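The values are calculated or read from the model by the stated rules, or taken from the named source; none is laboratory data. A quick note: this is a predicted structure, and the numbers were derived from the prediction, not measured. Don't worry about glycine lacking a Cβ; one is built from the backbone with ideal geometry, like all the others, and counts go over all protein chains shown.
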Amino acid sequence: MENKVKVAVVGASGYSGMELLRYLLLHPRVELVAVTSRSLAGKPLTSEFPRFRRVGNADTLTFTQPDAAALKQAGAEIAFLALPHGVSLEYAAALLELGLKVIDLSADFRLRDAAVYKEFYHHEHPAPELLAEAVYALPEVRAEAIRSARLIACPGCYPTSILLPLIPLLRAGLLKADPIAVSSMSGASGAGRKEAVSLLFSEIQNSVRSYSVPVHRHLSEIDQELVLAAGRPVPLTFVPHIVPVHAGICTTIFATPVEGLTVEQIEKAYADAYTDKPFVRLLGKNQCPDTKHVSGTNFIDIGWSLDARAGRLVLMSAEDNIGKGASGQAVQNMNLICGFEETTGLILA
């Protein structure tokens, strides 16, 4: 029998935590040894999430208080932090000191610059020395660095849907330096599992609304990664919307192509970047992604269209915001760290 890596999920009561549990309980190379939640400590896992009854070892697990020493004692080698922004910071350093590897789903370690973190998240970063060590873990872009990392910063859901369509074209020099416009629509789960009037069924049903305009916090990491890809500033306007579905992100990007850009150049840039990447599905010219085809998966579907009349290149993507945009991508990163096949435990029907 193959050895299994022992993992813990810190903050397992939210939507991302629940999706992590789904993947990890079914993962053939994982033993889930601890699940924590401040609010649910002492409750059996399956009493909060009945869907996991008789799935893996879920019936043997009970929520505990998050404590680094206790997770180490439980045998955990990797800790997933499925916590709100600003809370992961409380645990990451202690877990690292105890020798665990940390995969963080929050924004606490995504930025390289502590000043930028303060600008967008409105408080000082208490562990700026860890920002230099953390790997911004977009697997299709940074696989080699991820394999040797001990602190993984998983990208946000919106940034994943924006960066993967744009990075190959920027690296290939196929886009002008004109401002890029992005419109994204996300299911309500993107706001987290919390009580809020704006997220009540009666508030979101039969309604679509934009929010966080003109500055969404994810702009900070999007800007950071686009500059690295292009080697120059990349001005971008981003408008997110909430739509009345549970999960899914549909993103449309409007960019200005270089003069004479051809279909063949676009196809080559994407093929060079993603032909061997198992979770990027290239739909091709004039093909529009649909969230229903990525829901509950770790796939991102990408299509594109050249609008010759307007002189614009339209890029389109669809992903599950708590799958490829969060928990699925976190497990994909774990597979890279552990030397497993990248798709292990992630191709679920």
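Descriptive notes on the structure:
- The residues of the range 20-31 that are buried (at least 24 other Cβ atoms within 10 Å of the Cβ) and in contact with a helix residue (DSSP H, G or I) (Cβ under 6 Å, 6 or more places away or on another chain) amount to a single one, Leu20.
- From Val234, Val331, Val314, Val245, residue being within 20 Å of Arg171 (Cα to Cα) and either part of a loop (DSSP other than H, G, I, E, B) or in the same structural domain as Glu119 (by TED's automatic domain parsing) (or both): Val234
- For the range 108-119, the criterion of being assigned to a strand (DSSP E or B), among the hydrophobic types (A, V, I, L, M, F, W, C), in contact (Cβ under 8 Å) with a residue 24 or more places away in the chain and under 30 Å from Lys6 (Cβ atoms) is satisfied by no residue at all.
- Every residue from the range 276-308 that is assigned to a strand (DSSP E or B) and in contact with a Gly (Cβ under 7 Å, 6 or more places away or on another chain): Leu283, Gly284, Gly303
- For the criterion of being surrounded by 16 or more Cβ atoms within 10 Å (Cβ to Cβ) and either among the hydrophobic types (A, V, I, L, M, F, W, C) or more than 18 Å from Gly173 (Cβ to Cβ) (or both), Thr256 fails.
- Scanning the range 213-229 for residues that are out of contact with any helix residue (DSSP H, G or I) (no Cβ under 8 Å at 6 or more places or on another chain) and farther than 18 Å from His241 by Cα turns up Asp223, Val227, Leu228.
- Residue list for the range 95-124, restricted to those being modelled with pLDDT under 95 and among the β-branched types (Val, Ile, Thr): Val116
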